[in-house]
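Notes follow the structure.
The values are calculated or read from the model by the stated rules, or taken from the named source; none is laboratory data. Please read all numbers here as calculations on a predicted model, not as lab measurements. Note: ideal-geometry Cβ built from the backbone for every residue, glycine included; neighbour counts use all protein chains shown.
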């Protein structure tokens, strides 16, 4: 080895005295000092250093790609959240427009002409209309309410809230408003001049108003204006890289909002439009103008607009990717430098006692386990680190095995609980069915009928977890409940169902009638002196609304008490207790109806002391649409 090293020192490269020769000489001196064969060095460089460098470079490329995908996924989630927030605000504006549109007085006011009413009447109309629009404008999302009416109205040129309908006809979306036939049409972002506020960037929810006396005649247009600031406030929360464009595209492919106002009203790029037609949300890399852009979008449920974020690869993931690039290149250089400078020292230390020390460690581990490593004699160098690493590795593996075992136990418990939750209803039905057959076998027909009614009651009340049921299902639930109560209180009351044909398939929230029927029986009839009476359940349709009435000839109640039942939650609901009445209460039922159908619907009570009580439920008449929903459920027994 020394002769070979000497012959290398006598080579022409070393004799030249240049910097390359001096560096090579230093390396060879280290080789001679630690007795590292040259073949080992070459094998080390070719088999370890070079492949490791290539592997690290490939790892860098893969990690950069993964990071970019993660950045895009995070941005897609943020964009979807912003779309949900914006859609919620737009739906809120539509609800406000619907409330104003449903105001019957609005249509009556607009039908008052300049020739057929007195000045005093028209001034009163102006006053009432002013109150209506002022009330709507109190909402923080509403900037201005505008009514465009026939120019014959004396207030048509007021130009703050009231305008001539002719001034709207030149707008590009006027025909769309008329074609919508009273439906809401969203305009794009546009600039409007207000007498009291100057120029403002807004977008509007507009709808046509018809003359109630002549349905074919347009009596006006209702517009609710929203400031562009509503959009910018929502989009400002998006932590996207500078230069990323966030804009809105309508269902026809026109840009309705864009930070660059020159693009509003123009058509989006055809490649982007093709992407937007693929679904409700997504992301894709598209080549635009010779440059690759990452484009992502989501759909606003309120009006079908597409919220789009567009930027180049460098704009969307510039900071994160650049930071990763710096980190990976730094690691690559450090790694290469480490394996070029220190291999000789490491090899010299490890090779001298590797076989002997490895054999000692293996023998101790086989006989005494990892604890026996502490009894080995101390060593000079880094082999002690290897021993400790083996110890830590075994401990870590043991810990991971225990953690995995614990996780499997928890997962199994969760599965068992889920199965138990599924089994309980079936166990209840099977148990009731078994009791029913035992009663039949022993000739207890009254018990059999009671059990059968109770099983039907549970089946109808659970209803496979559905919250919206048909009127027929709700009537059947009330009917089964009353049959159970007839078995409980025999020969004390009768009930009758009077249902207008064709209303059985209408949709309604579950458990609306049963609490009312329960109150009629327990708080109406059962509190009479003779504890006898009758209950009538009727279903009618009134001008597109569904009316469900429960009448009893019980003790009745005072108007003050009836009003309090609908406006105040009963004490048992607030405290969690119960006094034996309905567990829902008329207050909660009334609140559920309003949440489902709106504030124009709910419960009304007509009652007098000693004259009985009639509780009427008003809902929208909505019929089932799918075959599965319109399938007739099995009917239970009827009342007497």
>> Can you list residue pairs whose Cβ atoms sit under 8 Å apart, with the first residue in segment 135-155 being farther than 14 Å from residue 93 by Cβ and the second being part of a loop (DSSP other than H, G, I, E, B) and modelled with pLDDT of 85 or more? Count only pairs 6 or more apart in sequence or on different chains.
In response: 147/161
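Among the residues of segment 162-185, count how many are over 19 Å from residue 210 (Cα atoms) and under 39 Å from the mean Cα position of the chain (by Cα). Working first, answer last.
Restricting attention to segment 162-185, the residues satisfying the condition of being over 19 Å from residue 210 (Cα atoms) are 170-172.
If we keep only those that are under 39 Å from the mean Cα position of the chain (by Cα) as well, we get 171-172.
Result for segment 162-185: 2.
Among the residues in segment 138-147, are any over 20 Å from residue 199 (Cβ atoms) and part of a strand (DSSP E or B)?
First, pick out the residues of segment 138-147 that are over 20 Å from residue 199 (Cβ atoms): 138-141, 147.
Narrowing the set further to residues that are part of a strand (DSSP E or B) leaves 147.
The answer is yes; a qualifying residue exists.
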>> If I filter segment 84-102 for residues that are closer than 18 Å to residue 205 by Cα, without any contact (Cβ under 8 Å) to a residue 12 or more places away in the chain, over 19 Å from the mean Cα position of the chain (by Cα) and outside any helix (DSSP H, G or I), do I get at least one hit?
In response: no
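Please enumerate the residues belonging to segment 186-196 that are under 36 Å from the mean Cα position of the chain (by Cα) and assigned to a loop (DSSP other than H, G, I, E, B).
Applying the first criterion (under 36 Å from the mean Cα position of the chain (by Cα)) to segment 186-196 yields 186-192.
If the condition is that a residue be under 36 Å from the mean Cα position of the chain (by Cα) and assigned to a loop (DSSP other than H, G, I, E, B), then 187, 188, 189 are the ones that fit.
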> Hey, residue 269 hits all of (1) more than 17 Å from residue 90 (Cα to Cα); (2) surrounded by 12 or more Cβ atoms within 10 Å (Cβ to Cβ); (3) in contact with a helix residue (DSSP H, G or I) (Cβ under 8 Å, 6 or more places away or on another chain); (4) outside the structural domain of residue 151 (by TED's automatic domain parsing) but one; which does it fall short on?
Replying inline: (3)
> Could you give every pair whose Cβ atoms fall below 6 Å, whose first residue belongs to segment 561-576 and is assigned by TED's automatic domain parsing to the domain that holds residue 609 and modelled with pLDDT under 80, and whose second residue is assigned to a helix (DSSP H, G or I) and surrounded by 12 or more Cβ atoms within 10 Å (Cβ to Cβ), counting only separations of at least 6 or pairs across chains?
Replying inline: 569/587; 570/585; 573/585
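Results for (1) more than 27 Å from residue 230 (Cβ to Cβ); (2) modelled with pLDDT under 85; (3) surrounded by 19 or more Cβ atoms within 10 Å (Cβ to Cβ), shown as yes or no for each residue.
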residue	(1), (2), (3)
122	yes, yes, no
142	no, no, yes
145	no, no, yes
157	yes, yes, no
164	yes, no, no
> For segment 513-531, does any single residue satisfy the condition of being crowded, with 19+ Cβ neighbours inside 10 Å, part of a strand (DSSP E or B) and touching a helix residue (DSSP H, G or I) at 6+ places or on another chain (Cβ under 7 Å)?
Replying inline: no
> Which one of these is touching a helix residue (DSSP H, G or I) at 6+ places or on another chain (Cβ under 7 Å), surrounded by fewer than 17 Cβ atoms within 10 Å (Cβ to Cβ) and farther than 24 Å from residue 91 by Cα: 238, 288?
Replying inline: 288
> What is the one condition in (1) surrounded by 13 or more Cβ atoms within 10 Å (Cβ to Cβ); (2) more than 22 Å from residue 166 (Cβ to Cβ) that residue 202 does not satisfy?
Replying inline: (2)
